[in-house]
Amino acid sequence: MRISFAVGAVSIALMLTGCASDRMDDIDTGMKPQPLEAQPVQPVQSNNLPDPSTSTDSSQFPTKPSTDPALAQNQQNANADMQVASNAQDIKKEGLVGGWKVNNGGASCDMFLTLTNLGSGSRGGTRGCVGPLAAMGSWEVDGKQMTLKDRDGNPLARLYKTADNRLDGSLTSGATISLSR
């Protein structure tokens, strides 16, 4: 007990002498960075915008499109997804674990799926993917549908098993995607 008391007292004494040392007094703390000079700013102009409901000049506003091209493309992809879904094979989560080659509109990359829990799904990731697939962080299976999700849990793509070692579907943007190995 005396030894531990002596060691404790010596430790405290050493700490107190370290706090009282003047070894840091030689550092020149007088050098401070010079403040930045203010830069001139152009005055901001302000005007009132015209009321679009009373404006008679229709040339300043674009015409409303008769059909949204993105909506039409998404409708075509949705029809293709329904056809793929109706012919889809049963999916077992354990059968999807491992590495996959991804084809996304002509671009290819790698995807890895694990059974490690992450939120409501399982952990997954991609390598070499661009666009929304680069943010893929998890996946889950619901019936015959596999959903790829980003790191925040938002859906990125929905896929269906169309053959052994192949899944086809579309991204939420409407672009087609297929996984194979």
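Taking amide H as placed 1.01 Å from N in the peptide plane, the amide H of Leu118 sits under 5 Å from that of Arg123, each at least 5 places away or on another chain. Straight Cα distances below 25 angstrom link Lys93 to the lysines Lys101, Lys144, Lys149, Lys161, with same-chain residues fewer than 8 positions distant left out.
Close amide H partners of Cys129, meaning residues 5 or more places away or on another chain with modelled amide H under 5 Å apart, are Asp110.
Every number here is computed from the coordinates shown, using simple stated rules; none is lab data. Note that the structure is a prediction, hence the values are computed from the model and not measured.
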